[in-house]
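Following: one structure in structure tokens, then a few remarks.
The values are calculated or read from the model by the stated rules, or taken from the named source; none is laboratory data. Remember, predicted model here, so these are calculated numbers, not experimental data. Virtual Cβ from ideal backbone geometry, glycine too; neighbours counted across all protein chains shown. Surface accessibility is based on the protein's heavy atoms, side chains included, excluding ligands, DNA and RNA. Shrake-Rupley method; radii C 1.70, N 1.55, O 1.52, S 1.80 Å.
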Amino acid sequence: MLNRDIAEVLVSRDEINSMVKQLGHALTEDYKSKNPLVIGLLKGCIPFISDLLKELDFILEIDFMDVSSYHGGLQSTGDIKIIKDLSTPVKGRHVLIAEDIVDSGRTIQAIRALLLYRGALSVKVVTLLDKPKGRVVELQPDYIGTTIPDAFVVGYGLDYQERYRNLPYVGTLKPSVYASTEE
Ligand code: IMP
């Protein structure tokens, strides 16, 4: 049913599976003796972090933050609002932020600065998708599943107006979807 709103599949379920496995191997190599705090950014991280955690073969803890920058639309406003903060102190911890997509880079830049200010030993970023063409700040994710073109995508956690997060792949929406939801 959701499939009929999709114009093009950009990253298939199989491709996601193999990217998550590769990221898991690389992270296991780099973090196996660091007992990191893995932080997922709600709500988009949920499918990704859930799959990724199962590929991480080392001691870790998890926590979540909810920050908003897009307010359900298509473009970043530049405003970062903390809706839910961490319940775990980051002071003296190695932190790994798990993100679904890095676009302008503003969200990660702001959170990274906040966690370093709070005393994190290191803050690195693992993202399934990277949209380097959308970048407005200098930020390079440390671990990337794949790079995608500068298009608005949905699925595997990513939403358009809170919908489509439950698609098992990443794709673009048909223009008719935007036309029918415009206010
Ligand atoms: P940034 O601050 O511009 O890097 O934005 C990061 C956040 O914007 C992501 O966590 C997503 O929630 C949202 N975002 C960026 N690009 C897309 C997209 O193509 N589809 C859906 N959400 C997006």
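Brief remarks on what is shown
- Extreme residue, positive dipole direction of the chain, given options ILE111, VAL20, LEU41 (C-beta unit charges): ILE111
- Applied to the stretch 81-88, the Karplus parametrisation 6.51 cos²θ - 1.76 cosθ + 1.60 on θ = phi - 60° returns per-residue 3J(HN,Hα) values of 10, 7, 9, 9, 9, 5, 9, 10 Hz, with x for Gly and Pro.
- Taking label points 7 Å from Cα along the Cα-to-Cβ direction, ASN3 and SER122 give a separation of 4.3 nm.
- Per-selection Kirkwood Rh - the stretch 16-160 (Cα, Å, 1 d.p.): 15.2 Å
- Spatially, the stretch 17-46 and the stretch 122-150 are offset by 14 Å when compared through their Cα centroids.
- Annotation: per residue accessible area for the chain equals 51 Å², rounded to a whole number [probe 1.4 Å, protein chains only].
- Helix 13-31 axis, angle to the chain major axis (alpha carbon atoms, nearest 10°): 20 degrees
- Bridges between two residues of the chain, per DSSP, are antiparallel at a rate of about 35%.
- Rolling a 1.4 Å probe over the protein heavy atoms of the chain, with every protein chain left in place, gives an accessible area that is 51 percent carbon and sulfur.
- Alpha-carbon spread of the stretch 82-183, three principal axes, descending order, Å: 49, 26, 25
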